[in-house]
Amino acid sequence: MKKILVVDDDRGVRLSFCEVLKGEGFLPIEASNGKEAIELFKKETPLAVLLDLKMPGMDGLEVLQELKKIDPDIPIIIVTAFSDIETAVICIKIGAYGKGFSSLCCVLEKQQQPYREPI
């Protein structure tokens, strides 16, 4: 089953995303903080990550940097109620996607398509 790591300190937000992902045939894996997210990422090797930016302790930007060190190609979608242009630019430069769930759908669609060599 295709695993998606959902990282948010707000339990309600995690549950909402998890319900939608289950309905789409994915296996959501929940992390409530940055440290837990990194541990689960290493253990579960998800297809993609939904990541909140504002979390206590290790924030989403730090988690993004650590996950990209482990797997530079992993799609990470930033989902947050709090952001500014400067933070958005930093996240995109590190390799994150924006626009929340609509980005996730596009990324997952690409991840599921078989790779084809260019002609």
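Within the stretch 37-50, the set of residues being buried (at least 16 other Cβ atoms within 10 Å of the Cβ) and either among the charged types (D, E, K, R) or assigned to a helix (DSSP H, G or I) (or both) comprises 37, 38, 40, 41.
With respect to residue 54, determine if the residue is of a type in the set (D, E, K, R), within 19 Å of residue 11 (Cα to Cα), modelled with pLDDT of 60 or more and assigned to a loop (DSSP other than H, G, I, E, B). When the stated conditions are applied, residue 54 passes them. Scanning the stretch 1-19 for residues that are part of a loop (DSSP other than H, G, I, E, B) and either within 13 Å of residue 52 (Cα to Cα) or among the aliphatic types (A, V, I, L, M) (or both) yields 1, 8, 9, 10.
The values are calculated or read from the model by the stated rules, or taken from the named source; none is laboratory data. Here the structure is a predicted model, which means the values were calculated and not measured. Glycine also receives a Cβ, built like all others from the backbone with ideal geometry; neighbour counts cover every protein chain displayed.
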